[in-house]
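The structure under discussion appears below in the form of structure tokens.
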Amino acid sequence: MLITIDDVLTPAELATVKDRLKRSIWAGGEITAGAQAVLSKNNRQLPEDAEHLPALRRIVLGALQRNPLFFTAALPARILPPFFNRYEGEQNYYGNHVDGAMRSLPEGGYLRADVSATLFLSEPEEYEGGVLTIEDMFGSREIKLGAGRMVVYPSSSVHQVTPVTRGRRLACFMFIQSMVRDAGQRRMLFDMDMALLRLRQSQGEIEPVIRLTGVYHNLLRHWAEN
Ligand code: NI
């Protein structure tokens, strides 16, 4: 299931993020890639010791925290501090790969990546190519969103970023351990929550809406791991 979320960042946050990225020193993108992914990864990334990285991460995590659609789509238990990447010039693509299942946490231990997310930071007209292509059960989906918008998808899906042939593509990407590890269960919960939201808006808190909301929460209680 792919879910796109509009307006994750405010225009002011986006401007701050882009300004800080402009003043950052980049490293090769292989720093967070696993043994298989590293062979196909050819981009740049902010290194862990980058001056502006803590502030950039605070902005993005704060934006996720206040976003109810992100919460219901990902049902996050833990979020690995977000990364920032750049596709431009010779370092301009990331071939087909699956994101590694286990990600080491800064404080030690591991996070299981259930959900991956890409937050677009460049407008589509700023670059050519650079399409995020994600395979799901219905085939291949091509994603190229406006700056400040995000796509959320299962970490288990094969995906790639096609070569950027002109301009610069900046993005933020992150891995999330979900309270509900099964993508099918997450999908059902998401569909139910969205349908309930629409029902509540059109019908108010009528008795069946209250009952179905109870079923949603009881399913979540049943499936959630923490
Ligand atoms: Ni990936």
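The values are calculated or read from the model by the stated rules, or taken from the named source; none is laboratory data. Here the structure is a predicted model, which means the values were calculated and not measured. For neighbour counting, all protein chains shown are included, and Cβ atoms are generated from backbone atoms with ideal geometry for every residue, glycine included. To get the accessible areas, we keep the full protein, side chains included, count just its heavy atoms, and leave off ligands, DNA and RNA. Shrake-Rupley method; radii C 1.70, N 1.55, O 1.52, S 1.80 Å.
Couple of notes before you dig in:
- Residue check, residue 129 within 13 Å of the ligand (Cβ to nearest atom) and either open to solvent by less than 30 Å² (accessible area, probe 1.4 Å) or over 25 Å from residue 147 (Cβ atoms) (or both): no
- Out of 56, 111, one residue alone is closer than 19 Å to residue 226 by Cα and either polar (S, T, N, Q) or in the same structural domain as residue 40 (by TED's automatic domain parsing) (or both). It is 111.
- Only listed residue being open to solvent by 20 Å² or more (accessible area, probe 1.4 Å) and farther than 18 Å from residue 175 by Cα, chosen from 91, 65: 91
- Subset of region 39-56 (residues that are in a helix (DSSP H, G or I), open to solvent by less than 50 Å² (accessible area, probe 1.4 Å) and at pLDDT below 95): none
- Search result, residues across region 57-105 that are away from the ligand (no atom under 16 Å from the Cβ), under 26 Å from residue 133 (Cβ atoms) and not in a loop (DSSP other than H, G, I, E, B): 60, 63, 64, 69, 70, 72, 73, 76, 88
- Top-ranked residue in region 181-208 [being acidic (Asp, Glu), closer than 16 Å to residue 1 by Cα and in a helix (DSSP H, G or I); ranked as least open to solvent (accessible area, probe 1.4 Å)]: 193
- Scanning region 161-170 for residues that are within 26 Å of residue 106 (Cα to Cα) and either in the same structural domain as residue 15 (by TED's automatic domain parsing) or in a strand (DSSP E or B) (or both) turns up at least one hit.
- Flag for residue 136 being assigned by TED's automatic domain parsing to the domain that holds residue 10, under 14 Å from the mean Cα position of the chain (by Cα) and either under 26 Å from residue 190 (Cα atoms) or without any contact (Cβ under 8 Å) to a residue 12 or more places away in the chain (or both): no
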